[in-house]
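Peer 1: Below you will find the structure I want to go over with you.
The values are calculated or read from the model by the stated rules, or taken from the named source; none is laboratory data. Keep in mind the model is a prediction, meaning the values are calculated, not measured. Heavy atoms of the whole protein, side chains included, go into the accessibility calculation; ligands, DNA and RNA do not. Shrake-Rupley method; radii C 1.70, N 1.55, O 1.52, S 1.80 Å.
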Amino acid sequence: MNAIEKKNIKFINKIIDGRIYKIATGGIGHIQSIKNIETLNNFIDMTNITINGNFSSIDDPDVSSNFEVAFLTPFGVQIMDDNVENIVDLVPLQEFKEILIAWRDFLLAPPLNGTKF
């Protein structure tokens, strides 16, 4: 079972006021608010570097979104609580990478986000 199935993630093209909006349901967590492809590619690259054992070469392990604070570590991605004091979830690196790639690919697939229907 891959990360998308495991976390019961569903990608949906939602029509609101005649426009298409890309959303995700399920355990996609904080990354669904990241719609910038360059940012997603950067996070994928950072995750690959960490998986390959070179975490120390990453200058800034922040993989946060607009809604949640998250940090890449050699052990997984730590999702923090609202006060950034406690870890509320630890996502394995390979799962995080799979989710990032699936979300990025969905955002790039037609119809594009914000397209007039």
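Peer 1: Give the accessible surface of the chain per residue, rounded to a whole number of Å², with probe radius 1.4 Å and ligands, DNA and RNA excluded.
Peer 2: Using a 1.4 Å probe on heavy atoms only, each residue of the chain averages 59 Å².
Peer 1: For residue 88 and residue 58, compute 0.36 nm times the residue count separating them, minus their Cα-Cα distance, and round to one decimal in nm.
Peer 2: Here the segment from residue 88 to residue 58 would lengthen by 8.5 nm.
Peer 1: To test your reading of the geometry: what angle, between 0 and 90 degrees and rounded to tens, separates the Cα axis of helix 93-108 from the longest principal axis of the chain?
Peer 2: That works out to roughly 20 degrees.
Peer 1: I'd like the carbon and sulfur percentage of the solvent accessible area for region 8-110, probe radius 1.4 Å, heavy atoms only, ligands and nucleic acids excluded.
Peer 2: Here carbon and sulfur together make up 49 percent of the probe-accessible area.
Peer 1: Given only helices, namely DSSP H runs of n ≥ 4 each adding -39500 (n - 2.57), what is the per-residue ellipticity at 222 nm of the chain, to the nearest 500 deg cm²/dmol?
Peer 2: Value at 222 nm, helices only: -9000 deg cm²/dmol.
Peer 1: Give me D for region 19-69 in µm² s⁻¹, whole number, from Stokes-Einstein with Rh from the Kirkwood sum over alpha-carbon pairs, 20 °C and 1.002 mPa s.
Peer 2: 173
Peer 1: Sticking with this structure for a sec: How would you classify the chain from its alpha-carbon gyration tensor, with a ≥ b ≥ c the square roots of the eigenvalues: rounded for a/c under 1.5, else prolate if a/b is greater than b/c, otherwise oblate?
Peer 2: prolate
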